[in-house]
1. Hey, among the residues in the range 421-437 that are over 15 Å from Leu488 (Cβ atoms) and touching a helix residue (DSSP H, G or I) at 6+ places or on another chain (Cβ under 7 Å), which one's surrounded by the most Cβ atoms within 10 Å (Cβ to Cβ)?
2. Please enumerate the residues belonging to the range 104-124 that are in contact with a Leu (Cβ under 8 Å, 6 or more places away or on another chain) and either without any contact (Cβ under 8 Å) to a residue 12 or more places away in the chain or in a loop (DSSP other than H, G, I, E, B) (or both).
3. Identify the residue in the range 88-128 that is surrounded by 17 or more Cβ atoms within 10 Å (Cβ to Cβ) and among the small types (Gly, Ala, Ser) and, among all such residues, is nearest to Ile51 (Cα to Cα).
4. Any chance the range 423-438 includes a residue that's out of contact with any Phe, Trp or Tyr (no Cβ under 9 Å at 6 or more places or on another chain) and of a type in the set (S, T, N, Q)?
5. Please verify whether Ala46 is touching a residue at least 60 places away in the same chain (Cβ under 8 Å) and closer than 23 Å to Glu272 by Cα, treating the condition exactly as stated.
6. Starting from residues that are outside any helix (DSSP H, G or I) and either among the aromatic types (Phe, Trp, Tyr) or under 19 Å from Thr355 (Cα atoms) (or both), keep the ones in the range 487-508 and report whichever is farthest from the chain's Cα centre (by Cα).
7. For the range 310-429, list the helices (runs of 4 or more DSSP H) that sit wholly inside it and hold at least 2 residues that are farther than 30 Å from Val185 by Cα and either at pLDDT 95 or above or more than 16 Å from the ligand (Cβ to nearest atom) (or both); which are they?
8. Take Ile218 and decide whether it is within 21 Å of Lys441 (Cβ to Cβ) and more than 13 Å from the ligand (Cβ to nearest atom).
Amino acid sequence: MKQTTLISERLKLEPCPIGKDGFCCKNCLMGPCRILTKEQQGVCGASQDLIVARNILRFVAGGTSAHCSHSYHLLNYLNKEYPKNYIEKKAPKYLYKLWDNLGIIPKIRFEHFKDISESLHLSTMGVNSDYKDIMKWCMKLGIIDGYYGMYLATELEDEKFGKTKIQEGKLNLFCLNPKKINIAVHGHEPMLAEILVKEIKKHKDINLVGICCTGSSILSRHKIPLAANFLLQENVVATGILDVMVVDTQCIMPSISDLCECYHTKLITTNELARIPNALHLSMKSEKDAKEIAKEIIKIAKENKKNRIKQTIKLNKKPNKIIVGFNEDNINTKELANKIKNKEIKGIIGVIGCTNPRTNINDWINVYKHLSKDYIILTTGCVGFEFGKNDLLDGKRFFHLGSCVNNSRIAEIFKKISEHLEKEITDLPFLISCPMPITEKSIAIGFFFASLGIDVHFGYNFMISSDSNVTHFLENTLKNEFKSKIFLDLNPNSLYNKINKKLILYPY
Ligand code: BF8
């Protein structure tokens, strides 16, 4: 039998302190160069600022490509063309004008993929050596991530699978049922999961659960219980009672393959990009494929239940009850605008992104719990799951808006409120806080919100150490054109104090 570990064990591997600050350049074979001071240069002559800026841009390009790939796969699945003038139609007019003047929006359909590729080009050795210009490219990719990634994916999913509904749902590992055949769907692109939801209705002996953003998506639309976020995904397998895990793309730990072998679970991949050793690959490109594959998955799960070895994690608690399914149409933005105007609430915080196990998750959750007395909290993704685990997703102060591509719903809510109040988004008490980022996607999302004029907080260092010029640029210079800043605060209490002292999140 294969031996494997869980993430809690592997976390003993310390992060590289040089790479963590973005000071390691691996863009050519004269290096890798580790540039520890502002005076030092890489072998090619690259400064510390340039190295940090290029590393951030490559990170943002990775995140943007994931979201744009998601919407592209949806278009293919639905047999649809790219919409024309998409950003022009979706963005606030004054922002479109600003971005147009700055020359940072793709005008031709598909040009956004070229921009992702050009970002890789310009950050290769010996192309762009102006860190400020590279930061502008980060903003450009942020806009692309927001519109051609998150907005488009959310819109296509709403059109095809229906708008989310406000309803009670269940969340946590305890959604698994030892008496039933358990199937989990994991990843981000919910096309196959949607078909499985319909198909399992014919099978009373099957319990379908979700993981990560595919899970959030079918939770918000169909009340399918959400068993885990990124951090708990291995535990779903390690219960010993998961008969099939179906994965699409993104945030699937490579460890899952060995774990599935240890615990009898059949691992099934469905996306051409996401191949995993020892998994059964059932390629899904169309709705017709999806219908056939869903039936095949059910057959495999039914046959595999008899191979369970034993249940290894006790599931003796009840799942948390949560209210889910909020979106830009069923949240009363007029009412929120009035509450801001009448000072009934101090503002709105979008708490988004991952749950990085290198942070103190409980401390962050507690801070938002305190802040929710004065602020409305809109949330998505893995941090949203964490609020659910703490029984905070009540639909009164905390509003769960779905998966990470559904961050477009937060942007849309901010846009609508600003229209009601006839103000620019940047003049309103909005903050985006991503306290525990893990993925490149989280950073791309941050740049998107900054492009809208909203201050963006990160609670874990993504290559912006306190004294670099890049940090200074993001905290100060960005304001000149975008009226926003991207800043780090690694300490939950310090963020809380800054908000209380009105150093950030200025009152209306
Ligand atoms: O897109 S919050 S760990 S699951 S990246 Fe991944 Fe981060 Fe979770 Fe969904 Ni979002």
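1. Phe430
2. The one that is in contact with a Leu (Cβ under 8 Å, 6 or more places away or on another chain) and either without any contact (Cβ under 8 Å) to a residue 12 or more places away in the chain or in a loop (DSSP other than H, G, I, E, B) (or both): Ser123.
3. Step by step, filter the range 88-128, then rank; the result is Ser123.
4. no
5. In short, no.
6. Among those residues, the one meeting the criterion is Tyr508.
7. Filter on the range 310-429 gives 333-341, 361-371, 407-420.
8. Yes, satisfied.
The values are calculated or read from the model by the stated rules, or taken from the named source; none is laboratory data. Worth saying up front: this structure is predicted, and the values here are computed from it rather than measured. No Cβ is skipped: glycine too gets one built from the backbone with ideal geometry, and neighbour counts run over all protein chains shown. Quick note on the areas: whole protein, heavy atoms, side chains included, nothing else; ligands and nucleic acids left out. Shrake-Rupley method; radii C 1.70, N 1.55, O 1.52, S 1.80 Å.
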